[in-house]
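Engineer: First the structure, which I've put down as structure tokens, then a few questions once you've had a look.
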Amino acid sequence: QGAVAQLWSYDGSTLTQVTAPSTFTSAGNAGIVSLASFNGALYAGTYNNSGAELWSVTASGTSSAPNLPGALSGLWWNPDESGWGIDFTQRGSAIFAAWYTYDAAGNPKWYVASDCAGMTGTSGTCTGTLYQVNGPTFFGTSFTSPTSSQISSVGTLQVTFTDANTASMSYNVGGISRTVPIVRQPVGAGTGTPAVDYTDLWWNPDESGWGVAMAEQNANIFLAWYVYDNAGDPVWYVASNCSVSGGGCSGTLYSTTGPAFGTSFDPGQVHVTTVGSVTVTFTDANDAVLSYTVNGVSASKAITRQVF
């Protein structure tokens, strides 16, 4: 008799078979190797002819496999220069780089290379154009996506990856050039693997122009948030310890100032200020709600993994 994948739920006293949705059964899943309940969903680790997969099955019978990015995805830094960093999101041969740094006055500022192209796998070199984006006021009002006139090319980025944890980053911004070694930044202690890895670039597709980069390790998420200040200038906030509990994570939001943008970086000039708090509630493996308070302004936004 052939193997058949089955899903079962357990409420503490009764074991009940759950009807698997068509998207689950049509995937040719031949066996379940692990089960876990998280945030109102039953997660099943399966195997089939294509390899291992992770599925979530909600009470309504819908399923959602995490749309995970590539192995280079996550937060990177230079440990001798704490205070700035760059987040990579890898999908296929493209890498989306979101770089949080400082302007000439030491104020927080971000740049993006939305298509650092030229490599696949975990070793090689990607090259892309760096963009500065100016947008509308983000806090306390509705958000309208920036127009093309608010997006400007400011330089170039080249990243050479030795492996999935080591790289060299070269940039030219406004005539200022530098090459600096970077490594994957550890964001949580231990070696455990989360049931669902939320490491990814997240956005609201109806509000293109801002986003949240999440890097998860064990029970912690480092959240880097790219938005705009009241003048429409790009500004970033971080929640370095968004502690995962139940169906989401919560943490303190910080604003950081640092040394003027240049050919070197002095971490002694980095100053951190608490500006609010953030909570991310994951509704499934690919969708969430971002709730925040920044300088007394509170709101919630729907977000989803950004797939490109």
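Engineer: Express the accessible area of the range 223-308 per residue in Å², computed with a 1.4 Å probe while the remaining protein chains stay in the model.
Structural biologist: 40
Engineer: Leaving out ligands, DNA and RNA, what percent of the accessible area of the range 235-308 is carbon and sulfur, probe 1.4 Å?
Structural biologist: Answer for the range 235-308 is 49 percent, counting heavy atoms of protein chains only.
Engineer: Tell me the carbon and sulfur percent of the accessible area for the range 106-194, rounded to whole percent, probe radius 1.4 Å.
Structural biologist: The computed percentage sits at 50.
Engineer: For the range 218-284, treating each Cα as an identical point scatterer without solvent, what Debye log10 I(q)/I(0) comes out at q = 0.13, 0.19, 0.23 1/Å?
Structural biologist: -0.46, -0.84, -1.03
Engineer: OK, next. Rounded to the nearest 10 Å², what accessible area does Ser291 have for a 1.4 Å probe in the complete protein model?
Structural biologist: 40
The values are calculated or read from the model by the stated rules, or taken from the named source; none is laboratory data. Because the structure is predicted, anything quoted here is derived from the model rather than measured. SASA here: full protein model, heavy atoms, side chains in, ligands and nucleic acids out. Shrake-Rupley method; radii C 1.70, N 1.55, O 1.52, S 1.80 Å.
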